[in-house]
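Asker: Next up is a structure, given as structure tokens.
The values are calculated or read from the model by the stated rules, or taken from the named source; none is laboratory data. As the structure is a prediction and not an experimental result, all values here were calculated from the model. Here the Cβ positions follow ideal geometry from the backbone for every residue, glycine too, while neighbour counts run over all protein chains shown. The area values use the complete protein model at the heavy-atom level, side chains included, leaving out ligands, DNA and RNA. Shrake-Rupley method; radii C 1.70, N 1.55, O 1.52, S 1.80 Å.
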Amino acid sequence: MGDYYTPVPTVRPVSPFNPSEDAATLRSAMKGLGTDEQTIIDIITQRTNSQRQEIAKHFTQEYERDIIEDLKSELGGHFEDVILALMVPKADYLCKELNKAMVGAGTDENTLIEILCSKTNKEIKDMVEAYERLFDRPLAEHMCSETSGDLRRLLTLIVTGVRNDYSVDAGRAKEAAEELHAAGELKIGTDEEVFNRILAHESFPQLKLIFEAYKEISGRTIEQALQDEISGDLLEAMLTIVENVQHPPTFFAKRLHDAVAGAGTEDKTLIRIIVCRSEVDLESIKREYEKLYDKTLESVVTNETSGDYKRALLALIGGP
């Protein structure tokens, strides 16, 4: 993915970094009457995830306490959601989001698609391992029981890690583009299996070449072809892969916009994207958001959220 744009994060490692000192400051912020929320925000939002894991380790060693449990007892609401999302390893957090999307009545396909269709094989592998450790059941098995049809087939291919992350071959890209063309536009009905196989197996750099070759062959973009040939959740999943191949900041800017447009705010989505992309390309997403919607992400978050929740999100968005 990084081959096609330069991702700019908003959260970078703090240097010099003293996890023992940070642990002591956080302990003071939570000890006694009242909680110093601003100190919690200042430290936790301005450290990377690996630095936060170091702080958590020192907190346990020095105070024989679990920092997550202490934070849970001191914080509440969406502010607590942001801070706890920041304090757990990213794969664990995303697995908890996947689990929430699947348990209970109905399945939140949008969340499954956003998380699974935007990830590299390495990220998927980390999540597969974390899911079984956290929930004592394979992610693929749980997902198969909650989805159906072509969407289930596509997501299962992704979760089983069949994507070839390294292969880039212009000749093969043209062949794959011809296969897609034959399976869609040149056929009465659509052979979804061909689309599933190519979109789930090929590396993101290879898919970029395939989509360019497709445009040369058919004169239309892959998005136009998909919108004509595919529908429903499968279409959304395939378009998610396409946008993450071409320019991830565009995909995430649109997701953020959808989360705040209309009545009410999809806080879960807002938190997940801002937390998970802060160390990857949140600065790039901010720029894309302003370009697409003619307003800043900061102004939207300011209008849609309040209190410590707002301050925590703005601290993550703010950048270096």
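Asker: Quick test for you: out of Glu80, Glu64, Glu97, pick the one residue that is under 23 Å from Leu256 (Cα atoms) and without any contact (Cβ under 8 Å) to a residue 40 or more places away in the chain.
Answerer: Glu80
Asker: If a residue counts only when it is β-branched (Val, Ile, Thr) and open to solvent by less than 20 Å² (accessible area, probe 1.4 Å), which helices (runs of 4 or more DSSP H) contained entirely in segment 16-78 have at least 3 such residues?
Answerer: 37-44
Asker: What residue, among those in segment 88-123 that are modelled with pLDDT under 95 and among the hydrophobic types (A, V, I, L, M, F, W, C), is surrounded by the fewest Cβ atoms within 10 Å (Cβ to Cβ)?
Answerer: If we take residues in segment 88-123 being modelled with pLDDT under 95 and among the hydrophobic types (A, V, I, L, M, F, W, C), then Ala105 is surrounded by the fewest Cβ atoms within 10 Å (Cβ to Cβ).
Asker: From the list His247, His201, pick out the single residue that is touching a residue at least 12 places away in the same chain (Cβ under 8 Å) and either farther than 30 Å from His78 by Cα or basic (Lys, Arg) (or both).
Answerer: It is His201.
Asker: Which of the residues that make up segment 245-301 are open to solvent by 60 Å² or more (accessible area, probe 1.4 Å) and at positive phi?
Answerer: Residues satisfying the conditions are Gly262, Asp294.
Residue by residue, here is whether (1) of a type in the set (D, E, K, R); (2) under 18 Å from the mean Cα position of the chain (by Cα) holds:
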{"position": "Glu129", "(1), (2)": "yes, yes"}
{"position": "Glu132", "(1), (2)": "yes, no"}
{"position": "Glu141", "(1), (2)": "yes, no"}
{"position": "Arg152", "(1), (2)": "yes, no"}
{"position": "Val159", "(1), (2)": "no, yes"}
{"position": "Val162", "(1), (2)": "no, no"}
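Asker: Is there any pair with a first residue in segment 164-188 that is on the phi > 0 side of the Ramachandran plot and open to solvent by 60 Å² or more (accessible area, probe 1.4 Å) and a second that is of a type in the set (Val, Ile, Thr) and modelled with pLDDT under 90 whose Cβ atoms are under 7 Å apart and which are 6 or more apart or on different chains, and what are they?
Answerer: Short answer, once both residue conditions are applied: none.
Asker: Can you find a residue in segment 221-237 that is in contact with a Cys (Cβ under 8 Å, 6 or more places away or on another chain) and either polar (S, T, N, Q) or open to solvent by less than 50 Å² (accessible area, probe 1.4 Å) (or both)?
Answerer: Looking through segment 221-237, at least one residue is in contact with a Cys (Cβ under 8 Å, 6 or more places away or on another chain) and either polar (S, T, N, Q) or open to solvent by less than 50 Å² (accessible area, probe 1.4 Å) (or both).
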